[in-house]
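Shown next, in structure tokens, is the structure this report addresses.
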Ligand SMILES: Nc1ncnc2c1ncn2[C@@H]1O[C@H](COP(=O)(O)OP(=O)(O)O)[C@@H](O)[C@H]1O
Ligand SMILES: O=c1ccn([C@@H]2O[C@H](COP(=O)(O)O)[C@@H](O)[C@H]2O)c(=O)[nH]1
């Protein structure tokens, strides 16, 4: 019987660098181990019944915006080496997309999202808990560029959303969850030393379980 997969939880603010770090971890292990990235974003609640006007008013930075029960269930399934049918999310249309991904059992699960450490059930499942700590001005600049280029937003809508919900919810829910981290990575995706240390630690856990 195969060992339990290792679960790495990566939390941090919007555009702090969670996805960039997750991709680097996947690249580091994918030749020797099967690695799957689960993005909490894919578990935003479906809003297909709402109009676009209603969807833009949703507070996407509150934990209630997510179907967390489904996310916890899927993580538990993956930890038992069971396959899952994962939803996917469409940021341009603010709702679930039609696509469902068949995720196969794997050796390493990287779970990344705003509330991965804020949620007690999720953080208790993690073998390593990481918080990506990037200053608010950098997060805002990165988000502005990304959301205009890739998520179909205008400059005005990014500023409006940031000042009405994103900033306050970050301070209320995301920032305080830093206290649960085993490792805090400053500046996100380009911190080579922190990412190398993390890769070494993951390798040692994998070796001990082998
Ligand atoms: N250390 C960094 N320096 C500069 N840009 C970065 C860095 N880390 C990430 N980015 C960029 O910032 C944006 C958001 O990063 P991403 O990893 O998607 O953040 P998150 O998943 O936390 O929202 C992306 O366009 C990414 O390329
Ligand atoms: O329909 C949506 C869903 C989410 N958002 C914003 O996305 C970020 C979370 O994604 P990151 O990749 O961590 O930045 C969150 O702050 C929401 O505000 C959205 O705008 N619309």
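Just so it is clear, none of the values below were taken in a lab; they were calculated from the coordinates. Keep in mind that what you see is a predicted model, and the values were worked out from it rather than measured. Glycine gets a Cβ as well: all are built from the backbone with ideal geometry, and neighbour counts include every protein chain shown.
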Exercise for review: Take the alpha carbon gyration tensor of the stretch 75-130, find the square roots of its eigenvalues, order them as a ≥ b ≥ c, and report rounded if a/c is under 1.5; if not, report prolate when a/b exceeds b/c, else oblate.
Suggested key: oblate
Revision key, fill the gap. Rounded to the nearest 10, the angle in degrees between the Cα long axis of helix 68-79 and the longest principal axis of the Cα atoms of the chain comes to 20
Check your understanding: DSSP beta bridges in the stretch 6-209, what fraction antiparallel, as a percent rounded to 5?
Key -> 25
**Study point:** Distance from the stretch 151-206 to the stretch 40-101 (C-alpha centre basis), Å
**Key:** 19
Study note, to complete from the structure: Going from the fewest other Cβ atoms within 10 Å to the most, one would list 169, 52 as 52, 169
Study note, to complete from the structure: In degrees rounded to 10, the 0-90 angle between helix 18-29 Cα long axis and the longest Cα principal axis of the chain is 20
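For the chain, what number results from the quotient of the Cα radius of gyration and 2.2 N^0.38 Å?
Working: Rg = 16.9 Å, N = 210, 2.2 N^0.38 = 16.8 Å.
Taking N as the residue count of the chain, the ratio is 1.01.
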Practice item. Round to the nearest 10 and give me the degree value, 0 to 90, for the angle of helix 136-150's Cα axis relative to the longest principal axis of the chain. Key: 80
Revision key, fill the gap. Relative contact order as a percentage, the chain, C-alpha pairs under 8 Å and 6+ apart, gives 34
Review point. Using the per-residue mean of other Cβ atoms lying within 10 Å as a proxy for protection, in what order, highest first, do the peptides 58-64, 180-186 fall?
Key: 180-186, 58-64
Check your understanding: By average Cβ neighbour count within 10 Å, what is the ranking of 79-85, 188-194 from highest down?
Key -> 188-194, 79-85
